[in-house]
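Remarks on the structure that follows.
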Amino acid sequence: MKALTRKTVSNRQYPERIIQFGEGNFLRAFVDWIIWNMNQKTDFNSSVVVVQPIANGMVDMLNSQDGLYHLILKGLEKGEAIYNIQLIDIISRGLNPYTQFKEYLELAENPDMRFIISNTTEAGIAFDPNNKFEDTPANSYPGKLVQLLYRRFERFNGAKDKGLIIFPCELIFENGRVLKECINKYIKHWNLSEEFSAWFEESCGVYSTLVDRIVPGYPREIANEIKEKIGFDDNLLDEGEIFHLWVIEAPEKVAEEFPADKAELNVIFVPSEEPYHERKVTLLNGPHTVLSPVGYLAGLNTVRECVEDDVIGAFVRKVMFDELLPTLNLPEDELIQFSNDVLDRFRNPYVKHLVTSIMLNSFPKYKTRDLPGLKTYLKRKDKLPDGLVLGLAAIITYYKGGKRGNDEIVIQDDQRIIDLLQHLWKTGDTNQIAKGVLAADFIWDEDLNDIPGLTDKVSNYLEAIQKRGMLNVVKEILI
């Protein structure tokens, strides 16, 4: 079996025109695949430089394969089974700014550079006042971005045609607006020049986007089989569903520079991404976020298993149709159709989407995907939604750590959140645990103990899960 490098495969080299913050499975299976298609089918002619947004990441592995990897896409399209494997060759190299800060800033000096794309999770777009302009690099993604933009502004003497087009892909409503606010906070906090601020405002565009593709990631169980099939020892195999949608809130001139429509891709430029965002985050990501800990603690491992299980499947449908769908303001028949389509995607027989892969940064995900629905449901129904509250209790229980059977529970989140949960669970008092989690304003930006009845309901579910097990608690709320 051959090593996968540019010496062992026939591939094209493209000019570096895109900086991508994030090297994870989703960006490689979604954005990079879209760019690959644009290179294949249009004259886009661009490669991507990947920047690792945190100190520990995968760029070394990416560089060991010269940015090459295979993507497996599976699913049903218009009733037809689709299964294909593609070699994605548009990543030129990866950089770790924590060890290659000089090389990172030099990206800004490339006159051909035009786009910045990111997916740093919901927790990534945040302003940290402790970051300094002199840091090498600033710890936050927006801070790193300002350092890069300032270098470009200086290098090209504020030339208006050297601005950058920025597409954040984090699952935050109006992610472009939120990112731009963080950038402006850093410009002010670091006392950068008014000329730079004006250049950023006039020459750079930060556009809100919505992304949609289920990406299970590395196909661990069949990886060896795929490697044998392709003939390469590819340790960056990635897997996704065939469905994809990228909604970008930007003017036509941006669409002309990023001609995804000419590549026959489901990428649309719209005046407002709000209705697409609200529907998708609420009815796809919302159920995802709560079914994962509930299903895992009930003994299941994949999204498909959860949806097809008699008990957990009923829980998923309860959350989706009874609790989240009524909180939206779009036509009911449209929402029902979208929800049924989502369930079909969850059942995709070609994709094994491990629920543990969805558990990364669960608390920020719950905040953006499920908490708004919980509040709206309470306002409209004058009671708390059982499934959404149980989902929160399940996340809190998952963060207790330990084992499920023989499997070690691996928690991935902000270290402050992990430390808080470990400390609270040591008390052994579920009421104290519930109060402590709900009071953590660094997670929620508010005290959720102020929501009537929520503290007691979370506490009761935590106690019930410990005593009777997750599956029995789910059965009880379905009665």
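Filtering region 10-19 to residues that are surrounded by 15 or more Cβ atoms within 10 Å (Cβ to Cβ) and more than 22 Å from P53 (Cα to Cα) leaves N11, Y14. The criterion of at least 1 residues that are under 23 Å from Y461 (Cα atoms) and out of contact with any strand residue (DSSP E or B) (no Cβ under 7 Å at 6 or more places or on another chain) is met, among helices (runs of 4 or more DSSP H) falling completely within region 281-352, by 286-297, 303-308, 310-317. If you go through region 286-304 one residue at a time, do you hit one that is surrounded by fewer than 22 Cβ atoms within 10 Å (Cβ to Cβ) and more than 24 Å from E408 (Cα to Cα)? Checked against the condition, which is being surrounded by fewer than 22 Cβ atoms within 10 Å (Cβ to Cβ) and more than 24 Å from E408 (Cα to Cα), region 286-304 yields no hits at all.
Scanning region 198-229 for residues that are free of Cβ contacts under 8 Å to residues at least 60 places away in the same chain and among the polar types (S, T, N, Q), we see that the one that is farthest from Y83 (Cα to Cα) is S203.
Has region 401-412 got at least one residue that is at pLDDT below 90, in the same structural domain as I451 (by TED's automatic domain parsing) and part of a helix (DSSP H, G or I)? No, region 401-412 has no match at all.
For region 72-98, enumerate the residues that are of a type outside the set (D, E), exposed (fewer than 14 other Cβ atoms within 10 Å of the Cβ) and either in a strand (DSSP E or B) or modelled with pLDDT of 95 or more (or both). Those that are of a type outside the set (D, E), exposed (fewer than 14 other Cβ atoms within 10 Å of the Cβ) and either in a strand (DSSP E or B) or modelled with pLDDT of 95 or more (or both): A81, Y83, N84. Filtering region 253-278 to residues that are in a helix (DSSP H, G or I) and buried (at least 21 other Cβ atoms within 10 Å of the Cβ) leaves A260, H277. Screening N224, N235 for residues that are part of a loop (DSSP other than H, G, I, E, B) and either at pLDDT 95 or above or not β-branched (V, I, T) (or both) leaves exactly one candidate, N235. Residues of region 63-120 that are out of contact with any helix residue (DSSP H, G or I) (no Cβ under 6 Å at 6 or more places or on another chain) and of a type in the set (D, E): D66, E77, E80, D89, E103, E106, D112.
Only one entry of F167, F153 meets the criterion of being in a strand (DSSP E or B), of a type outside the set (V, I, T) and in contact (Cβ under 8 Å) with a residue 12 or more places away in the chain, and that entry is F167. Residues that are surrounded by 20 or more Cβ atoms within 10 Å (Cβ to Cβ) and not assigned by TED's automatic domain parsing to the domain that holds Y141 do not occur anywhere in region 37-57.
The values are calculated or read from the model by the stated rules, or taken from the named source; none is laboratory data. A quick note: this is a predicted structure, and the numbers were derived from the prediction, not measured. Cβ sites come from the backbone with ideal geometry, for glycine too, and all protein chains shown count toward neighbours.
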